[in-house]
Amino acid sequence: MFALVDCNSFFASCEKVFRPDLANQPVAVLSNNDGCVVARSPEAKPLVPMQATLFSIRHLVQRGKLHVFSSNPVLYKDMSRRVIETLQHFSPEVEQYSIDEAFLGLHGFAHRDLTDYGQQIRATVQQWTGIPVSVGIASTKTLAKLAAHVAKRHLGCKGVLNFNALEEVDQVLAAIAVSEVWGIGRHLTAKLQAQGILTVLQLKQADAKRLKKQFGILVMRTVMELRGIACFPMEPVAAPKTMRIVSRSFGHVVTELSEIKEAVATYAARCAEKLRDDGLLAHQFAVAIRTSYYRPDNQYAAVRSVSLEPPTNDTATLIHAAMGLTTAAFKPGYDYLKAKVIATELTPADAVQGELFAAPTNTEKRDRLMTTIDALNRQLHPDAVKFGAMGLNPTWGLRSNYFSQRYTTHWDEIPTVQVWPLSQHCGCN
DNA sequence: TCTGGGGTCCTAGGACCC
DNA sequence: TCTGGGGTCCTAGGACCC
């Protein structure tokens, strides 16, 4: 048995935790660069579509009918950690699937009333973290995801649905579109629809062998999962990362190589930091730059990559490589909107394969420098110490006009509580 | 006007091995 | 004239997820 715990409107809920004044107000959270809506509170869902641009909803914001927030990843990551830690009280097997979802292994919990257990999970997460969640329970992960999907949308479920306690699961599956199934995306939906498979029930009853031939092993496994045969096991230990990407659109278009280089140096530094956090070294490193997708008259994209020998997570080395790659990729005369750096062929830092014929490299001093920089930046400010190539006054920076606070990770941004004099209280202490 | 960021997995096809 | 069988590894591209 599996439970899927899914945080409702996660980013919007995180913002609301620290703004009790917005309790029943419509709240939307924007993507990086304040580009478009990526999360909506229940009150905001009727007002704004997902991915609506800020421009298209500005009138609501100005009239005070909608509260928007810029993306605050540090806050969301920390709130996610709190939710996961709470869930670990309910099962020894917790698999964090995404920033706002986790699977719980419920093997050996069969003697319990699992619907009731789901309610306990929900109430505890709400009380300990302030985040509302939906819980789906079923005999496979795919079914648990669908159960959570239904639990979130039907008030009668009170946030929890256990398919195993339900008589007519097929009736429920017949009412859900096939596109809602985990693993069935846009393209597969269109192809399945063309064959008359419109609902989850129809997919469950389809010819699994034929679908395997047509769409591959994943679709067949999904069909088996819908039939209650578990094909996707719990994976409580996160697999090591295979790639690290830092990718950002600029605040506005950039035409000069020097400006793009500053941005790419900044992304490379961030990427090196991530690798050090992971304890990984990159063997392969790439830079990609491109113009806006939405300007057909101004299209250019280029990727350049290089092998790093020996593999490294040293900021200076990555910036140096990135500068060469950026120069190679750059072509004058275009309006650039986005750059990214990609580190691949990652190996654990403590298990490096040495080179037989190369002179031995001693990176101990560099490692100590990086450790010190990381410590300073963590303690003081994300770029208290930075490399000159990253520039002093970035002109390409992100827009972020509706930023809240890093309430839970920075002492000077911690929420404050107004304390009223005791005499104004209603007599209790 | 503006339209995000960061990842994983599978498949087909070619090259190559004994 | 007809020319096996069984396998691995790599890459690019496509699909999916949140």
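Inside the stretch A:34-71, residues that are within 16 Å of DNA strand B (Cβ to nearest atom), of a type in the set (S, T, N, Q) and touching a residue at least 24 places away in the same chain (Cβ under 8 Å) make up a count of 2. Taking the conditions (1) in a helix (DSSP H, G or I); (2) closer than 28 Å to A:Pro240 by Cβ in turn, A:Glu262 satisfies each one other than (2).
Only one entry of A:Glu167, A:Glu235 meets the criterion of being within 13 Å of DNA strand B (Cβ to nearest atom) and either assigned to a loop (DSSP other than H, G, I, E, B) or not assigned by TED's automatic domain parsing to the domain that holds A:Ala282 (or both), and that entry is A:Glu235.
Determine whether A:Val150 is more than 25 Å from A:Leu218 (Cβ to Cβ), within 16 Å of DNA strand C (Cβ to nearest atom) and in contact with a strand residue (DSSP E or B) (Cβ under 7 Å, 6 or more places away or on another chain).
Considered against the rule, which asks whether it is more than 25 Å from A:Leu218 (Cβ to Cβ), within 16 Å of DNA strand C (Cβ to nearest atom) and in contact with a strand residue (DSSP E or B) (Cβ under 7 Å, 6 or more places away or on another chain), A:Val150 comes out as no.
If the requirement is being closer than 30 Å to A:Gln120 by Cβ and either hydrophobic (A, V, I, L, M, F, W, C) or in the same structural domain as A:Ser134 (by TED's automatic domain parsing) (or both), which of these qualifies: A:Ala28, A:Ala44, A:Ala52?
Result of the check over A:Ala28, A:Ala44, A:Ala52: A:Ala44.
When A:Gln127, A:Gln51 are checked against the criterion of being within 16 Å of DNA strand C (Cβ to nearest atom), loosely packed, with under 13 Cβ neighbours inside 10 Å and within 23 Å of A:Lys16 (Cα to Cα), A:Gln51 stands alone in meeting it. The residues in the stretch A:142-157 that are under 26 Å from the mean Cα position of the chain (by Cα), surrounded by fewer than 24 Cβ atoms within 10 Å (Cβ to Cβ) and either within 16 Å of DNA strand B (Cβ to nearest atom) or not aliphatic (A, V, I, L, M) (or both) can be counted, and the count is 5.
The values are calculated or read from the model by the stated rules, or taken from the named source; none is laboratory data. The shown structure was predicted, so the numbers you read here are calculated from the model rather than taken from an experiment. As a convention, Cβ positions derive from the backbone with ideal geometry for all residues, glycine included, and neighbour counts pool all protein chains shown.
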